[in-house]
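Values quoted throughout were computed directly from the atomic coordinates according to the rules given, and no laboratory measurement underlies them. Everything numeric in this text was worked out from a predicted model, so none of it was measured. Cβ: placed from backbone, ideal geometry, glycine included. Neighbour counts: every protein chain shown.
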Amino acid sequence: MSVSTRPLRLLSSTSNRTNLPLFVFLPGMDGTGKLLEPQQAGLKSIFDVRCLSIPPDDLTGWDGLVEQIAGLLRKEKQRFPSRHIVLCGESFGGCLALGLAVRHPPLFDRLILVNPASAAGRQPWLGWGASFTQRLPGSLYRLSTFGLLPLLIASHRVPVVSQQALLAAMQSVSPPSAAWRLYLLSQFEIEKPALERIEQPVLVLASGSDRLLPSVQEARRLERHLPNSRTVLLPESGHACLLEKEVKFGSILKSHNFLVDARKSDLALSR
């Protein structure tokens, strides 16, 4: 089901830098991609960065979202067949990234999951949250986002300007779409055999102070079933860890040897 006539897009904040690997960011429930901004400076030196943008009124299901993103990645592959693509999904976007890994593995070379919301369907509050959100008028929905802020961030680690950006991103989504995306999360599931068939190197970032989801537990579960994966624990971080000034995403990728060397075809995860 989809009520939006606007397509998903990959947005670039820089001119094309085709000499670098392509980094495709799949955002959380806000669907804006704008919340990667605090990490852009550190990523732009090593990647050509694109962010997925999902229309704020979109009501597309998992299958439709995954197929649209696959189409966007396929176009990139057609333009530059030998270019490496690193796929990164945060929270809701982590579920999208896993769906792509299961259905369209040839479209990217490495996978990064940041507090993926793949455990959301096992949380009893989620169904209630979807039903409640759907009934809220726009003004009350925008007000309710303030109450969610302590669940999403460790406020002492996130600058005020980034807190304001997070609120604006959440408030940009229509209440029906927010409720729909919560419903999608409640239904999300990938069987163990499907996870075990994902061959790409996978890096999972898990926040130890995540108040929204059991991200560390879920990272360990994924690591058990993904054959070529490792977990990076961020012990003091909240769910929206990429907004934190102490988190340097590009440096994390470098320190864990997770950068793509375009001169090499062997993409095995170094241990």
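Working note: 222 nm ellipticity from helices only, DSSP H runs with n ≥ 4, each -39,500 (n - 2.57), summed and divided by the residues of the chain, gives -12500 deg cm²/dmol to the nearest 500. Fully extending the segment from R197 to N16 would add 61.9 nm, taking 0.36 nm per residue of separation and subtracting the current Cα-Cα distance.
Taking 13 Å as the straight-line reach from the Cα of K77, the aspartates and glutamates in range (excluding those fewer than 8 positions away in the same chain) are D109. For the chain, the longest principal axis of the C-alpha atoms and the axis of helix 215-225 are separated by about 40°.
Within the listed set L205, L96, L233, the Gaussian network model of the chain (springs between alpha-carbon atoms below 10 Å) gives the highest mean-square fluctuation for L233.
Subtracting the Cα-Cα distance of L151 and I46 from their residue separation scaled by 0.36 nm leaves 34.6 nm.
Can you pull a Stokes-Einstein diffusion coefficient for the range 189-242 at 4 °C (1.567 mPa s), Rh from Kirkwood over Cα pairs, as a whole number of µm²/s? Estimated diffusion coefficient is 112 µm²/s. For the range 1-123, the orientation-averaged shadow of the C-alpha convex hull comes to 7.7 nm² (one quarter of the hull surface).
Counting only alpha carbon atoms, the long axis of helix 160-171 and the longest principal axis of the chain meet at about 70°.
The GNM of the chain, with springs linking C-alpha atoms under 10 angstrom apart, assigns the highest mean-square fluctuation among L113, L72, L213 to L72. Between Q123 and E236, the simple label model (points 7 Å from Cα in the Cβ direction) yields a spacing of 2.4 nm. For K248, a cut-off of 20 angstrom between C-alpha atoms picks up these lysines, skipping any fewer than 8 places away in its own chain: K34, K44. Sorted from greatest to least, the principal axis extents spanned by the alpha carbons of the range 9-255 come out as 49, 38, 33 Å.
Within the listed set P175, P124, P214, the residue fluctuating most in the Gaussian network model of the chain (springs between alpha-carbon atoms under 10 angstrom) is P124.
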